[in-house]
Amino acid sequence: MDTNGPNHGTETVSPDVVPRRAALRKFASIAALGAAPGSLLAPLSARAAPARFSYKLGIALAPSHPTTAGLTAACAEILRESQGRLSIEVFPNSQLGSDTDMISQVRSGAIDFVSTAGLIWGTLVPVASISGVGFAFPDYQAVWSAMDGELGAHIRAGFAKANLVPQARIWDHGFRHVTSSTRQISTPADLAGLKIRVPLSPALTSLFKAFGAAPAGINMAETYTALQTKVVDGQENPLTILETQKLYEVQKYCSQTSHVWDGFWLVGNMRSWNALPEDLRQLAARIFDAHALRQRQAVDALNTRLRDDLKAKGMAFNTPELNPFRDVLRKAGFYRDWQKKFGAEAWARLEKYAGTLA
């Protein structure tokens, strides 16, 4: 055997071995760097899949109420436009607890969003209830100028101080009216002694106490039963609530007092909101605000037919003169007391749109 030929001391290598060895060396380098080879060798589309977020939104109102229906439609649009990246499930009818329960849950992060009335938010964010000062707003023009203007901005700043994130547009809950199973309300004196359900709101409680009524704070989920069993004789709410909560079954008289306008703030847990990428926050905010404006139009259209519908279901309506009610509140010091509680800055913003009250 010739040991001095050109192949002495070398190995004959098959042509397909070289690329295999190169691949093994690359694999060893990846392992040495502590990386997961499978992840780096995976298709780019799998590695770049965006995060997905599943959130909960609680509300006490029925699914058929324009606010609940609007929020449900908004969340469906958010899911679609985000291509499944942001899913927000709406839980109506107090499924996640009473209004006060859900406010506690959104603060702790147990749920991500809650929608409820400014008067109820006032237990946590006092300035949120300023829109519910008795007989403040004469009409919707004043309401939307205030809530989409300086007063609304001032209220939203109050939520931020509580580490909560309100959406820009408030949803219409409507002007509230007094109903009763026993009497019509034609004058302030007719309220004296009336056992009336109110939400857990200091503003509404003090309003009816000023008229000599006996207000009882009861959550919406318990209101129908409280009226049915005569724990209270009356309640006060917009016409939409009389319809969707079927309160016409346990109330006979509706006096269109328009004593308070209230709206539903959609509020998020700050950590949940900030966890979303900026593009999803912008998308959600845009869609929620667009649906809030649509909901306002839907409530306006609904109110034009609800009075006739409720009459057909047996309710009797009357419309009292409202100036005597304002006069009683002024003499009782109601406006002066609330001016002190809300502070000069907030009160000035209210009176800019509502006119002089105190």
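Of note:
- Selection count where residues are over 19 Å from Thr123 (Cβ atoms) and either open to solvent by 20 Å² or more (accessible area, probe 1.4 Å) or over 17 Å from the mean Cα position of the chain (by Cα) (or both), scope the stretch 152-173: 3
- Answer residue from the stretch 98-127, given it is free of Cβ contacts under 8 Å to residues at least 24 places away in the same chain and aliphatic (A, V, I, L, M) and is surrounded by the most Cβ atoms within 10 Å (Cβ to Cβ) among those: Ile103
- Those residues of the stretch 174-198 which are closer than 19 Å to Ile103 by Cα and open to solvent by 10 Å² or more (accessible area, probe 1.4 Å), in sequence order: none
- The one condition in (1) within 21 Å of Leu322 (Cα to Cα); (2) in contact with a Ser or Thr (Cβ under 7 Å, 6 or more places away or on another chain); (3) buried (at least 22 other Cβ atoms within 10 Å of the Cβ); (4) among the aromatic types (Phe, Trp, Tyr) that Phe211 fails to fulfil: (2)
- Test: Ile130 is of a type in the set (A, V, I, L, M) and in contact (Cβ under 8 Å) with a residue 40 or more places away in the chain: yes
- For the stretch 175-199, residues that are assigned to a loop (DSSP other than H, G, I, E, B), on the phi < 0 side of the Ramachandran plot and at pLDDT 95 or above total 9.
- Residues of the stretch 71-80 classified as among the small types (Gly, Ala, Ser) and open to solvent by less than 40 Å² (accessible area, probe 1.4 Å), total: 1
- Some residue of the stretch 294-316 being of a type in the set (Val, Ile, Thr), in contact with a strand residue (DSSP E or B) (Cβ under 8 Å, 6 or more places away or on another chain), modelled with pLDDT under 95 and closer than 30 Å to Glu77 by Cβ: yes
- Hey, Ile78 modelled with pLDDT of 95 or more, assigned to a loop (DSSP other than H, G, I, E, B), over 19 Å from Asp262 (Cβ atoms) and touching a strand residue (DSSP E or B) at 6+ places or on another chain (Cβ under 8 Å) or not: no
- Put simply, of Gln95, Gln141, Gln83 the only residue that is surrounded by fewer than 23 Cβ atoms within 10 Å (Cβ to Cβ) and part of a helix (DSSP H, G or I) is Gln141.
- Some residue of the stretch 152-165 being among the hydrophobic types (A, V, I, L, M, F, W, C), free of Cβ contacts under 8 Å to residues at least 40 places away in the same chain and within 30 Å of Lys246 (Cβ to Cβ): no
- Within the stretch 200-257, being hydroxyl-bearing (Ser, Thr, Tyr), assigned to a loop (DSSP other than H, G, I, E, B) and at pLDDT 95 or above holds for one residue alone: Thr229.
- Single match in Ala22, Ala49 (criterion: over 25 Å from Gln297 (Cα atoms), modelled with pLDDT under 95 and surrounded by 10 or more Cβ atoms within 10 Å (Cβ to Cβ)): Ala22
- Cβ pairs under 6 Å, 6+ apart, first in the stretch 244-263 and farther than 26 Å from Arg326 by Cβ, second among the charged types (D, E, K, R) and outside any strand (DSSP E or B): Tyr248/Lys313
- Checking every residue in the stretch 64-72 against the condition of being in contact with a Gly (Cβ under 7 Å, 6 or more places away or on another chain) and modelled with pLDDT of 55 or more gives zero matches.
- For the stretch 102-116, a residue qualifies if it is part of a helix (DSSP H, G or I) and more than 14 Å from the chain's Cα centre (by Cα), and exactly one does: Ser108.
- Whichever residue in the stretch 317-358 is assigned to a loop (DSSP other than H, G, I, E, B) and in contact with a strand residue (DSSP E or B) (Cβ under 9 Å, 6 or more places away or on another chain) and, among such residues, is most open to solvent (accessible area, probe 1.4 Å): Thr319
- Every residue from the stretch 153-168 that is assigned to a helix (DSSP H, G or I) and not β-branched (Val, Ile, Thr): Ala153, His154, Arg156, Ala157, Gly158, Phe159, Ala160, Lys161
- The residue pairs whose first member lies in the stretch 186-197 and is closer than 13 Å to His259 by Cβ, whose second member is assigned to a helix (DSSP H, G or I) and open to solvent by 20 Å² or more (accessible area, probe 1.4 Å), and whose beta carbons are closer than 8 Å, counting only pairs six or more residues apart or on different chains, are Pro188/Pro324; Pro188/Val328.
The values are calculated or read from the model by the stated rules, or taken from the named source; none is laboratory data. Fair warning: this is a prediction, and the values are worked out from it, not measured in the lab. Cβ: placed from backbone, ideal geometry, glycine included. Neighbour counts: every protein chain shown. Ligands, DNA and RNA are excluded from the accessible area calculation, which covers all protein heavy atoms including side chains. Shrake-Rupley method; radii C 1.70, N 1.55, O 1.52, S 1.80 Å.
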